[in-house]
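Here is the structure we will look at.
The values are calculated or read from the model by the stated rules, or taken from the named source; none is laboratory data. What you see is a predicted model, and the numbers here were worked out from it, not measured in a lab. With ideal geometry, Cβ positions are generated from the backbone for all residues, glycine too; neighbour counts draw on all protein chains shown.
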């Protein structure tokens, strides 16, 4: 009878080891799932941030284009002003000559 009890105890050791390995596996899988969920959340946050920054870049590009157009218009107006100033100076010179 004692031999049977020892044999049963010996036979249960592999099952105990298997049970422990399964617990470790379950803990590892649970931990990995948690890490995966965190990674997905971080990825989503980064994608949202990327989309926001892309919109901001588009807005800034538009503002730069508007500023360049305004600069070009300003240069044209300055050239026209200089031309008008020259013509008025010529007309005043002609009037002085009279």
Of the listed residues (76, 9), the one being modelled with pLDDT of 95 or more and either surrounded by 10 or more Cβ atoms within 10 Å (Cβ to Cβ) or assigned to a helix (DSSP H, G or I) (or both) is 76
With the first residue restricted to the range 53-73 and required to be at positive phi and at pLDDT below 95, and the second required to be part of a helix (DSSP H, G or I) and surrounded by 10 or more Cβ atoms within 10 Å (Cβ to Cβ), Cβ contacts under 8 Å at 6 or more apart or on different chains are none
